[in-house]
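The values are calculated or read from the model by the stated rules, or taken from the named source; none is laboratory data. Note that the structure is predicted; figures quoted are calculated from it, not measured. Glycine also receives a Cβ, built like all others from the backbone with ideal geometry; neighbour counts cover every protein chain displayed. Please note that ligands, DNA and RNA were not included when accessible areas were found on the heavy atoms of the full protein model with its side chains. Shrake-Rupley method; radii C 1.70, N 1.55, O 1.52, S 1.80 Å.
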Amino acid sequence: MSASDERPDWPEPLAEADLEALDRFLRAHAGEDDLLLDGVHGLLTAIGIGPQPAVPDEWLPEVLHEPFADEEEGRRILGLLARLNESVELELESDSYEPILGEVELDDGDTALSAHGWCEGFSRGVDLRARVWESRLGADSQLTELLGPIMALAVEEGVFSTDADFAPLSEQEYEDCLNQLPQAVTAVAHYWQEVPPTDDELASATAPGPDGEGPRRRRGGRWVH
């Protein structure tokens, strides 16, 4: 069974045990540049708060990269991903969003939260509607301001490059940005609801590129302001 087979219904959100099961699957099948659970959560967050929705056929290729072992595994993993997506949607609707973040081991053996994976996933979600995001970021500084904590973390983690002057974050500033993520995500979601993409922005998003193909995917990410 492949990721493009029939999708399950979107059932109830995930419990902690479900998140752990999905995390184990992703870790067991992840290559060097593949998303783990925090990255998938960032991906679904960018889609959920962005200018246009994206169907599973668009974002699943960012998550699943090989056939499932069998039909049962396919149903189980697709179901977990569907419920994770619904969890993000429900948290956004209720203004109760909380990011799933990774952990890194410190020199003293302790651990600290890391936004790297989440930011990488978020960047890939932005990639799916890159032209609309870039058009609006270039025209409205308010959106850039609302994305401030996300941009700062993404630049700090090397996920995005930018022409803007971002000084390296101190440990306290990094922690502050992590704490501001829920507020930033909610604010950006409200922004796109209140100021949806224009017809011209939507037309440019689907216009063929110079080679006659559809819009090209970006990789590595780049904020335009």
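Could you derive backbone 3J(HN,Hα) for region 119-132 from the dihedral phi with the Karplus parameters 6.51, -1.76 and 1.60 (θ = phi - 60°), listing whole Hz in sequence and x where the residue is Gly or Pro?
These are the phi-based 3J(HN,Hα) values: 5, 4, x, 4, 4, 6, x, 4, 3, 5, 10, 4, 5, 5 Hz.
Using 0.36 nm per residue, how much length does the chain from LEU106 to GLN183 gain when fully extended, once their Cα-Cα distance is taken away? Intermediate values should be presented prior to the final figure.
Values: separation 77, 0.36 × 77 = 27.72 nm, distance 2.72 nm.
Result: 25.0 nm gained on full extension.
Cα convex hull of region 8-107: mean projected area in nm², to one decimal?
Details: hull surface 30.5 nm².
Average of the hull's projected areas for region 8-107 equals 7.6 nm².
Mind checking the dipole of region 1-151: about its Cα centre, +1 per Lys or Arg Cβ, -1 per Asp or Glu Cβ, Debye to the nearest 20?
Working: 10 positive and 36 negative charges, 125 e Å.
That gives a dipole near 600 debye.
Once fully extended, how much extra length lies between ARG27 and GLN172, figured as 0.36 nm per residue of separation less the alpha-carbon to alpha-carbon distance?
Using 0.36 nm per residue and subtracting the Cα-Cα distance, I get 49.2 nm.
Ordered by residue, what ³J(HN,Hα) values in Hz, to whole numbers, does region 45-62 give under the Karplus form 6.51 cos²θ - 1.76 cosθ + 1.60, where θ = phi - 60° and Gly and Pro are x?
Result, ordered by residue: 5, 4, 5, x, 9, x, x, 9, x, 10, 7, x, 4, 7, 9, 4, x, 7 Hz.
What is the log10 of I(q)/I(0) for region 122-207, computed with the Debye formula using one identical point scatterer on each Cα and no solvent, at q = 0.19 Å⁻¹?
-0.92
Quick one: grab the alpha carbon gyration tensor of region 105-166, order the square roots of its eigenvalues as a ≥ b ≥ c, and give me rounded if a/c is under 1.5, else prolate or oblate depending on whether a/b is larger than b/c.
Values: a/c = 2.96, a/b = 2.05, b/c = 1.45.
Prolate is the answer for region 105-166, as a/c is 1.5 or above and a/b outweighs b/c.
Under a 1.4 Å probe, what is the accessible area of region 75-128 per residue, stated in Å²?
46
ALA115's amide H: which non-local residues (gap 5+, or another chain) put their own amide H closer than 5 Å, with H modeled 1.01 Å from N in plane and none for Pro or chain starts?
Residues meeting the amide H criterion: none.
Given axes a ≥ b ≥ c from the Cα gyration tensor, I'd like to know whether region 53-173 is rounded (a/c under 1.5), prolate (a/b larger than b/c) or oblate.
On the way: a/c = 1.93, a/b = 1.30, b/c = 1.49.
It comes out oblate by the Cα gyration axes.
Can you list the HN-Hα couplings for region 142-156, worked out from phi with the Karplus curve (6.51, -1.76, 1.60; θ = phi - 60°), rounded to whole Hz and with x for Gly and Pro?
Residue by residue, region 142-156 yields 4, 5, 4, 5, 5, 7, x, x, 5, 4, 4, 5, 5, 5, 4 Hz.
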